[in-house]
Amino acid sequence: MPTVAMLHTSFVFVNVEPLIKDLFQELLPDVKLVDFVDSDVLATVQREGEVSPASVRRICRLAEAAEAARADVIFSACSSLGPAIDVARRMVDVPIVKIDDAMARVAVEGGGRVGVLATVPSTLGPTTDLIRAAAKEAGQEVEVVPRVCEGAFAVLMSGDRERHDAMVGEGASALARDVDRIVLAQASMARLAPRLAEETGVPVLASPRLGIEDVARVLATRVGVPA
């Protein structure tokens, strides 16, 4: 059975939000999913306001542990630590798929103004950089408009999903007035995408399904699992 190692930087997708694991069960039911967690590294990045060399080393150690466990593909579930994943990719031989790589490629199609909505401020920089890089690669002219729903992630982690959803809805409604489409910078917001699209009247993109479809394509190439 092929193995996918999922790297976590908090317990949000372990204890709070089952969306990603549900999608793996739907899209790749015959794959073994193994969690590798450093539950403090995201909090450290938020506290320090940057992805420090020490945080990069912590992510690299997670990736090396996943490789040692003979994972066929590594899946990074955290957008804030994207720069650390870029380093980890150079340190392991196992392919690493970022959860938001595919979403960024879709977001820049057609150019225009792309809103980035986050609930963790540290996610804005990496996601903005990822979208700009995707636009450059695709030859698209894109303006990125970042916004943060301050405090919403902490509310979600406390278990108050209803309040979190209301905060994200307010942020999306305000952002929609200035952009052609909205990117949800964190997978923890993904289940709200259909509702937000209906409420705002603009396309709303979320990363998990696109990211796991990316994993399926890599597995198909690597071990012959049908994509």
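The values are calculated or read from the model by the stated rules, or taken from the named source; none is laboratory data. What you see is a predicted model, and the numbers here were worked out from it, not measured in a lab. All Cβ positions, even for glycine, are placed from backbone atoms using ideal geometry, and neighbour counts span all protein chains on display.
Numerical summary
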item	result
Qualifying position, being touching a residue at least 24 places away in the same chain (Cβ under 8 Å), hydroxyl-bearing (Ser, Thr, Tyr) and in contact with a Phe, Trp or Tyr (Cβ under 8 Å, 6 or more places away or on another chain), among Ser207, Ser188	Ser188
Residues (over 16 Å from the mean Cα position of the chain (by Cα) and of a type in the set (A, V, I, L, M, F, W, C)) located in the stretch 134-155	Ala135, Ala138, Val142, Val144, Val145, Cys149, Ala152, Ala154, Val155
Tabulated pairs, the stretch 166-178, first touching a residue at least 60 places away in the same chain (Cβ under 8 Å), second among the acidic types (Asp, Glu) and part of a helix (DSSP H, G or I), C-beta under 9 angstrom, 6+ apart or interchain	Ala176/Glu199
Residue selected from the stretch 55-72 under the condition in contact with a Ser or Thr (Cβ under 8 Å, 6 or more places away or on another chain) and of a type in the set (A, V, I, L, M), by the criterion farthest from Met1 (Cα to Cα)	Ile59
Members of the stretch 170-227 found to be assigned to a loop (DSSP other than H, G, I, E, B) and surrounded by fewer than 20 Cβ atoms within 10 Å (Cβ to Cβ), listed by number	Arg177, Asp178, Asp180, Gly201, Val202, Pro203, Gly224, Pro226, Ala227
Members of the stretch 144-164 found to be outside any helix (DSSP H, G or I) and either farther than 19 Å from Pro121 by Cα or not assigned by TED's automatic domain parsing to the domain that holds Leu124 (or both), listed by number	Gly159, Asp160
